[in-house]
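*Asks:* Sharing a structure below in C-alpha cells format, with a few things to ask.
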C-alpha cells in the first residue's frame with residue numbers, strides 16, 4: 001500500500017466523509033487550529049525575542065523559557081490534533097501539494113531543534129553561551145516556524 | 001454619504017479592482033494578515049496570561065506589559081493595514097458579510113476593554129505589580145481580552161465561509177439573514 005493509497009483510504013473513511021458533509025465542522029476545526037497558531041506564536045516569540053536581546057531583557061533567558069514552555073506544549077496540543085483532522089479531510093489534495101511537504105519537513109525540524117538545541121541554549125547559564133549563538137538559535141527557530149506558518153497558509157488556498 | 005454608498009464608491013475605484021483581481025497581491029496581503037496573528041494575538045496572549053497569573057508569575061506585570069506591548073502594538077498596526085486592504089479589495093462583499101459585521105463590533109468591544117483596563121486597573125498596577133496572581137479586576141480584563149481575541153479569530157475565519165451557508169448571493173434567503181447581512185436588492189451591484 002503506497003502513501004497515496006493511505007491518504008485515499010483516510011479521506012474516504014466513513015468518519016471523514018461525515019466530517020466533510022458538515023458545512024460547519026471544517027471551518028470550526030480550522031479556527032481552533034488558528035488558536036494553536038496564536039498560542040505557539042506567543043510562547044515561541046517571548047523566548048526568541050529574549051534570545052535576540054529584545055522583549056523581556058531584564059529576566060534571565062532560562063526563566064522566560066521555563067515559563068513559556070508549558071504554553072508551547074499547550075499550543076502544540078491544540079494545533080497537532082486539529083491539524084491531523086484537517087489533513088485527513090483532504091488527504092489526497094495535500095499529498096500532491098509541495099507546500100504541504102515543506103510544512104511537514106519544517107515542522108519536524110523545528111520540533112527537533114526546539115526540544116534539543118534551543119532548549120539546551122535557553123535553559124543554560126547565559127554567561128556560558130555567547131550572544132551570537134543565542135541569536136543564531138532564535139533566528140533558526142523563527143525561520144523554521146515562519147516556514148511552517150507560511151506553508152500552512154499556502155496549502156489552504158484552492 | 002451612507003456606508004453603503006461609500007462601499008459602492010470604494011468598490012468602483014481602480015485600485016480596489018486591481019487588488020481584487022491581482023494574481024498574487026491579494027493572497028500575499030491575506031497571508032500577512034493571518035500570520036501576523038502570531039505576533040499580535042501571540043504577544044497579547046502572553047500579556048493576558050500574565051494578568052491571569054498563568055505565566056511569567058515571577059516577572060512584574062508592569063514589566064511584561066512594558067516589554068511586550070510594543071510588539072503587540074506593532075502586530076496590531078500590521079493587522080489593521082492588511083485588514084483595511086482586504087476590506088478595500090472587496091468592499092461590497094465585506095459590507096454584505098454577517099461575520100465581518102460582527103467582527104467589527106467585537107473589535108470595538110476589544111478596544112473598549114483595552115481602554116477600560118488602561119484607565120482603571122492599570123493605574124493601580126503598583127499595588128499588585130509583584131503579585132504572582134493579580135487581583136480579580138486585572139484577571140477579568142485579561143480573561144475578557146482573551147475571549148474577545150478568540151471571538152475575533154473565529155469570526156475572521158468564518159468570513160469566507162458565508163458563501164457556503166447564507167450568502168447574499170444565495171437567494172431566496174430568510175428576511176432576517178438578508179437584514180443582518182445587509183443584502184442589497186440588486187445582486188449585480190453587490191459583486192465585490
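*Asks:* Scan (1) within 28 Å of residue A:32 (Cα to Cα); (2) away from chain A (no Cβ under 13 Å) for the single condition residue B:44 breaks and write down its number.
*Replies:* Answer for residue B:44: the failing condition is (2).
*Asks:* Here's another thing I want to ask about it. Could you go through the range A:83-106 and let me know if any residue there is in a loop (DSSP other than H, G, I, E, B), on the phi > 0 side of the Ramachandran plot and surrounded by 15 or more Cβ atoms within 10 Å (Cβ to Cβ). Write out each step before concluding.
*Replies:* Going residue by residue through the range A:83-106, those that are in a loop (DSSP other than H, G, I, E, B) are A:90, A:96-97.
From what's left, on the phi > 0 side of the Ramachandran plot: none.
No; the residues of the range A:83-106 include none that is in a loop (DSSP other than H, G, I, E, B), on the phi > 0 side of the Ramachandran plot and surrounded by 15 or more Cβ atoms within 10 Å (Cβ to Cβ).
*Asks:* Considering only residues that are more than 14 Å from every other protein chain (Cβ to nearest Cβ) and in contact (Cβ under 8 Å) with a residue 24 or more places away in the chain, look in the range A:14-25 and name the one that is farthest from residue B:163 (Cα to Cα).
*Replies:* Keep residues of the range A:14-25 that are more than 14 Å from every other protein chain (Cβ to nearest Cβ), which gives A:14-19.
With in contact (Cβ under 8 Å) with a residue 24 or more places away in the chain added as a condition, the list becomes A:16, A:19.
Values: A:16: 22, A:19: 19 Å.
Within the range A:14-25, the match that is farthest from residue B:163 (Cα to Cα) is A:16.
To keep it simple, each residue is scored yes or no on (1) more than 20 Å from residue B:137 (Cβ to Cβ); (2) in a helix (DSSP H, G or I).
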{"position": "B:56", "(1), (2)": "no, no"}
{"position": "B:62", "(1), (2)": "no, yes"}
{"position": "B:68", "(1), (2)": "yes, yes"}
{"position": "B:73", "(1), (2)": "yes, yes"}
{"position": "B:82", "(1), (2)": "yes, yes"}
{"position": "B:100", "(1), (2)": "yes, yes"}
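*Asks:* To continue, here is another question. Within the range B:43-54, which residues are part of a helix (DSSP H, G or I) and either modelled with pLDDT under 95 or over 19 Å from residue A:53 (Cβ atoms) (or both)? Walk me through it before giving the result.
*Replies:* Step one: list which residues in the range B:43-54 are part of a helix (DSSP H, G or I), which gives B:43-51.
Answer for the range B:43-54, where residues must be part of a helix (DSSP H, G or I) and either modelled with pLDDT under 95 or over 19 Å from residue A:53 (Cβ atoms) (or both): B:44, B:45, B:47, B:48, B:49, B:50, B:51.
*Asks:* Could you tell me which residue of the range B:8-42 is modelled with the lowest pLDDT, considering only residues that are surrounded by fewer than 18 Cβ atoms within 10 Å (Cβ to Cβ) and outside any helix (DSSP H, G or I)?
*Replies:* Among those that are surrounded by fewer than 18 Cβ atoms within 10 Å (Cβ to Cβ) and outside any helix (DSSP H, G or I), it is B:23.
*Asks:* I want to confirm something. Restricting to the range A:26-46 and keeping residues that are surrounded by fewer than 22 Cβ atoms within 10 Å (Cβ to Cβ) and under 17 Å from residue A:70 (Cβ atoms), which single residue is nearest to the other protein chains (Cβ to nearest Cβ)?
*Replies:* Going through the qualifying residues, I end up with A:35.
The values are calculated or read from the model by the stated rules, or taken from the named source; none is laboratory data. Note that the coordinates shown come from a computational prediction; the quantities given were computed from them, not determined experimentally. Positions of Cβ are generated from backbone atoms using ideal geometry, with glycine treated the same way; all protein chains shown enter the neighbour counts.
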